[in-house]
Amino acid sequence: MADSSNVVMIIKAGKKQVVKPFERAKLIASIEASCTSVSLPVGMSRDTARDVCVKVEKWLSDKSEVTSEDIRRIAAQQLTRISAEAGYFYANYKQMF
Amino acid sequence: MARKIKFDYDLIVIGSGASGSTVALTVAHNGKKVALIDGGVFGGESANWGDVPRTATLEATNLYYATKRGSRFGLRTGTLGYNYPALLAWRDKSVRRSGSADNRKFYEAAGMDTFVGDAYFLTPHEISVNRKRLTAQKFVIATGSHFASPGTYGIETIKYKTLRTMFDDKRIPRSLFVVGSGPEAIEYANILATLGTKVYVAEKSDHILPDYDHEVGELLADYYHDSLGMVILTKTQVAEVAPKGLGVHITYRRGNLTKSVQVDSILYTDNRVPTIDLGLENATVDYATNGIKVDDNMRTSARHIFAAGSVTNHSVSTQTAMLQGRLVAHNLYAKTPITANESLVPRIIFVDPAIASVGLTESDCLKRDLATNQALVPLSQVARSNTSDFTTGFVKLISNKKGIIIGGTIVAPHAAEMIQEVCLAIAENMTVSKLARMPHAFLSWSEAIRIAAGKLVK
């Protein structure tokens with residue numbers, strides 16, 4: 001079981017599997033971008049992104065390896081509770097663009 | 001031509017509880033390469049902190065209670081007492097003697113590889129356990145259930161007990177508030193009330209043991225109040241908890257009344273949820289909040305993945321989990337899968353008097369709009385009640401309109417053994433007239449079954 005000192009590895013599926021450590025800043029930036037895309041105020045977007053990231057990190061606390069899709073799913077679930085539009089955008093932006 | 005994929009294992013079983021260990025031991029015995037993974041203690045809940053230790057403790061407390069009442073038989077019981085640390089030591093001994101409890105070597109000796117850690121699906125055929133990647137042709141998910149934080153207001157301000165942590169303290173509480181009145185809750189309430197704890201039992205339904213026929217809850221509520229001093233609070237919901245001194249202040253609502261009580265500890269028994277945070281999406285396994293979805297053959301939405309035990313339904317008993325494990329072990333590699341008749345699995349509560357039920361209850365028949373006949377025989381009508389000086393209990397049989405037995409409930413000493421006769425009767429589609437004609441030993445509690453069957457004969 002992963003503890004707080006362990007870095008959780010994120011597996012990106014593709015032709016060649018890439019494994020990288022979890023990057024907090026990257027997650028916050030992507031969530032913040034989804035929030036601003038649905039016209040949430042900048043300050044609210046930033047705070048929302050941090051809150052969601054905390055919840056994702058709490059979910060990751062007992063994991064050692066997860067996929068990037070898992071991160072996206074959990075982040076989208078938490079983001080939807082705060083803003084349904086931002087959550088939908090975050091979950092579906094690949095299909096949308 | 002496609003290359004055949006080589007997997008690390010033929011089968012990976014996630015979870016070593018009642019169902020997981022049944023599957024793993026059976027399949028390993030048949031020569032397959034098996035890996036068994038458990039994130040906590042090997043052997044699962046039943047062996048380590050569930051059925052085995054609880055029933056061993058009940059054996060001691062039931063004996064203690066029966067002996068305390070022995071003066072009416074001429075026994076001297078004035079100095080009878082108990083040693084709580086010794087009681088816990090007996091409980092621990094029963095866990096060690098079970099063989100599989102916390103015993104990784106037990107499974108390795110059976111010819112399988114074991115891994116400690118939380119398994120997580122990365123792809124349909126690959127899991128990660130502490131960053132170790134394992135692949136298998138087939139999987140069985142038997143991760144069971146765990147206790148989620150109750151949603152009571154103020155819960156984060158107190159330390160509460162669960163069915164797993166109830167006996168972590170070295171001394172028993174002077175008072176205990178039990179939330180929920182399912183089988184395990186009643187067993188724990190019984191243990192502690194027998195040892196002298198003032199026990200409150202809060203149940204949302206209108207009778208305790210809501211999954212059993214109402215006669216069970218109504219009879220035992222009065223019996224526990226009179227004999228053990230338990231306070232039974234039906235139609236009750238806990239509204240708020242708060243720390244007060246060394247104990248807990250509990251506010252509860254009963255009907256339109258709001259009341260409060262202060263106790264040493266509070267035990268939550270109705271907050272069990274299936275353990276399903278395993279990356280099931282990556283394995284294309286469908287699930288809901290009450291567990292993994294399986295068909296009648298225990299197969300999930302991914303054809304090579306099966307699930308068994310309380311991860312499919314958190315109210316599954318150990319015997320049902322074991323039955324499902326045997327089913328999965330067969331269906332994994334058999335050409336013709338089989339389904340289990342779970343209605344034949346008895347439900348037992350090992351208190352005194354014991355409670356046992358099999359087949360359909362009265363409530364089940366009402367929900368299905370079945371036309372039935374029912375007969376209830378109090379134990380006072382059986383000769384044994386005279387020689388044992390015990391009358392609390394009954395035998396209830398339910399038959400359909402053709403006279404075939406479809407359900408039975410027993411509240412009696414040795415109900416756990418008596419119910420097997422009713423299980424067999426249901427399995428064999430026995431009629432009440434045939435059961436009534438069976439000779440039953442004079443002065444056995446089972447005579448009540450014959451009398452109940454006789455009442456149903458037209």
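In this structure, B:Val201 does not qualify as over 21 Å from the mean Cα position of the chain (by Cα) and outside any loop (DSSP other than H, G, I, E, B).
Against the conditions (1) surrounded by fewer than 18 Cβ atoms within 10 Å (Cβ to Cβ); (2) under 27 Å from B:Asn313 (Cβ atoms), B:Arg104 satisfies every one except (2). What number of residues within segment B:35-61 satisfy the criterion of being part of a strand (DSSP E or B) and within 14 Å of chain A (Cβ to nearest Cβ)? Counting residues in segment B:35-61 that are part of a strand (DSSP E or B) and within 14 Å of chain A (Cβ to nearest Cβ) gives 2. Of everything in segment B:109-124 that's within 32 Å of the chain's Cα centre (by Cα) and farther than 23 Å from B:Gly43 by Cβ, which residue is nearest to the other protein chains (Cβ to nearest Cβ)? Among those residues, the one meeting the criterion is B:Phe121. Being modelled with pLDDT of 90 or more, open to solvent by 50 Å² or more (accessible area, probe 1.4 Å) and of a type in the set (A, V, I, L, M) is a property that does not hold for B:Ala35. Just one of the listed residues (B:Thr152, B:Thr157) is crowded, with 17+ Cβ neighbours inside 10 Å, touching a strand residue (DSSP E or B) at 6+ places or on another chain (Cβ under 8 Å), more than 30 Å from B:Arg91 (Cα to Cα) and away from chain A (no Cβ under 14 Å), and it is B:Thr152. Note on segment B:172-192: among residues that are open to solvent by 10 Å² or more (accessible area, probe 1.4 Å) and closer than 17 Å to B:Thr55 by Cβ, the one that is farthest from the chain's Cα centre (by Cα) is B:Gly182.
Look at (1) within 31 Å of the chain's Cα centre (by Cα); (2) modelled with pLDDT under 95 and you find that B:Ala28 fails only one, number (2). Residues that are in a helix (DSSP H, G or I) and among the aromatic types (Phe, Trp, Tyr) were ranked within segment B:62-100; the one that is surrounded by the most Cβ atoms within 10 Å (Cβ to Cβ) is B:Tyr65.
For segment A:3-36, filtered to residues that are within 14 Å of chain B (Cβ to nearest Cβ), in contact with a Phe, Trp or Tyr (Cβ under 8 Å, 6 or more places away or on another chain) and outside any strand (DSSP E or B), the residue that is modelled with the highest pLDDT is A:Val8. When residues in segment B:422-449 are screened for being touching a helix residue (DSSP H, G or I) at 6+ places or on another chain (Cβ under 6 Å) and of a type outside the set (A, V, I, L, M), 4 of them pass. Taking the conditions (1) free of Cβ contacts under 8 Å to residues at least 12 places away in the same chain; (2) part of a strand (DSSP E or B) in turn, B:Lys6 satisfies each one other than (2).
Does B:Val328 qualify as being at pLDDT 95 or above, of a type outside the set (Phe, Trp, Tyr), in contact with a Phe, Trp or Tyr (Cβ under 8 Å, 6 or more places away or on another chain) and open to solvent by 10 Å² or more (accessible area, probe 1.4 Å)? Judged against the criteria, B:Val328 is not a match.
Evaluating B:Ala119 against the criteria (1) out of contact with any strand residue (DSSP E or B) (no Cβ under 6 Å at 6 or more places or on another chain); (2) under 30 Å from B:Ser315 (Cβ atoms) leaves one unmet condition, (1). In this structure, is B:Leu424 open to solvent by 40 Å² or more (accessible area, probe 1.4 Å), at negative phi and touching a residue at least 24 places away in the same chain (Cβ under 8 Å)? Taking the combined requirement at face value, the residue does not satisfy it. Among the residues of segment B:342-356, is any under 26 Å from the mean Cα position of the chain (by Cα) and over 23 Å from B:Gln319 (Cβ atoms)? The answer is no; no qualifying residue exists. Residues in segment B:125-147 that are closer than 19 Å to B:Lys293 by Cα and within 14 Å of chain A (Cβ to nearest Cβ) were compared, and the one that is nearest to the chain's Cα centre (by Cα) is B:His146. Considered as a group, the residues in segment A:69-97 that are within 11 Å of chain B (Cβ to nearest Cβ) and not basic (Lys, Arg) include one that is surrounded by the fewest Cβ atoms within 10 Å (Cβ to Cβ), and that residue is A:Glu69.
Matching residues to (1) farther than 22 Å from B:Ser128 by Cα; (2) in contact with a His (Cβ under 8 Å, 6 or more places away or on another chain):
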site: B:Glu240; (1), (2): yes, no
site: B:Asn256; (1), (2): yes, no
site: B:Asp264; (1), (2): yes, no
site: B:Asp270; (1), (2): yes, no
site: B:Thr275; (1), (2): no, yes
site: B:Gly279; (1), (2): no, no
site: B:Ala283; (1), (2): no, no
site: B:Asp286; (1), (2): no, no
site: B:His304; (1), (2): no, yes
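How about segment A:37-68: which of its residues are within 14 Å of chain B (Cβ to nearest Cβ) and touching a residue at least 24 places away in the same chain (Cβ under 8 Å)? Selection gives A:Val56, A:Leu60, A:Ser61, A:Asp62, A:Lys63, A:Ser64, A:Glu65, A:Val66, A:Thr67, A:Ser68. Of the strands (runs of 3 or more DSSP E) lying entirely inside segment B:251-320, those containing at least 3 residues that are surrounded by fewer than 23 Cβ atoms within 10 Å (Cβ to Cβ) are B:257-263. Evaluate segment B:410-419: report whether one residue or more is closer than 18 Å to B:Val345 by Cβ, open to solvent by 10 Å² or more (accessible area, probe 1.4 Å), without any contact (Cβ under 8 Å) to a residue 24 or more places away in the chain and not polar (S, T, N, Q). Taking every residue of segment B:410-419 in turn, at least one turns out to be closer than 18 Å to B:Val345 by Cβ, open to solvent by 10 Å² or more (accessible area, probe 1.4 Å), without any contact (Cβ under 8 Å) to a residue 24 or more places away in the chain and not polar (S, T, N, Q).
Residue-wise test of (1) of a type outside the set (Lys, Arg); (2) open to solvent by less than 40 Å² (accessible area, probe 1.4 Å); (3) assigned to a strand (DSSP E or B).
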{"position": "B:Arg164", "(1), (2), (3)": "no, no, no"}
{"position": "B:Asp168", "(1), (2), (3)": "yes, no, no"}
{"position": "B:His207", "(1), (2), (3)": "yes, yes, no"}
{"position": "B:Tyr212", "(1), (2), (3)": "yes, yes, no"}
{"position": "B:Glu218", "(1), (2), (3)": "yes, no, no"}
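The values are calculated or read from the model by the stated rules, or taken from the named source; none is laboratory data. In this text the structure is predicted, and so the values were computed from the model without any measurement. Please note: Cβ atoms are built from the backbone with ideal geometry, for glycine as well, and neighbour counts cover all protein chains shown. SASA here: full protein model, heavy atoms, side chains in, ligands and nucleic acids out. Shrake-Rupley method; radii C 1.70, N 1.55, O 1.52, S 1.80 Å.
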